[in-house]
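What follows is a single structure, written as structure tokens, with notes after it.
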Amino acid sequence: MPKAPHPILKRLGARVRELRAARGWSQEEFADICRIDRSYMSGIERGVRNISVLHLARLAKGFGVSIAELFE
């Protein structure tokens, strides 16, 4: 049985989805911007991927925000 997503990962995923949707980007478009596989991006947004700092930096750069702003 799969474990439930950790609350921090779930919150980060919701924030990524929120910022992406606000810009009108599809998941695939944003994944391309960040140079991340679309299925991996899906895992981030669902809160099931424990992403690295490098991926956090790619997400922040893609949105044009700081890493800290991903957690607001």
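Any read-out appearing in this document is the output of simple, stated calculations on the displayed coordinates, not a laboratory observation. Computed from a prediction, not measured in an experiment: that's the story for all the values here. FYI the Cβ positions are ideal-geometry reconstructions off the backbone, even for glycines, and counts take in every protein chain you see.
A few points about this structure:
- With each label modelled as a point 7 angstrom along the Cα→C-beta vector, the residue 23-residue 10 pair spans 2.6 nm.
- Residue (of 24, 70, 52) at the positive-pole extreme of the chain, dipole from beta-carbon charges: 52
- Cα centre as origin, Lys/Arg/Asp/Glu Cβ charges: the chain dipole, Debye: 200 debye
- Overall form of the chain per C-alpha gyration tensor (a/c, 1.5; a/b vs b/c): prolate
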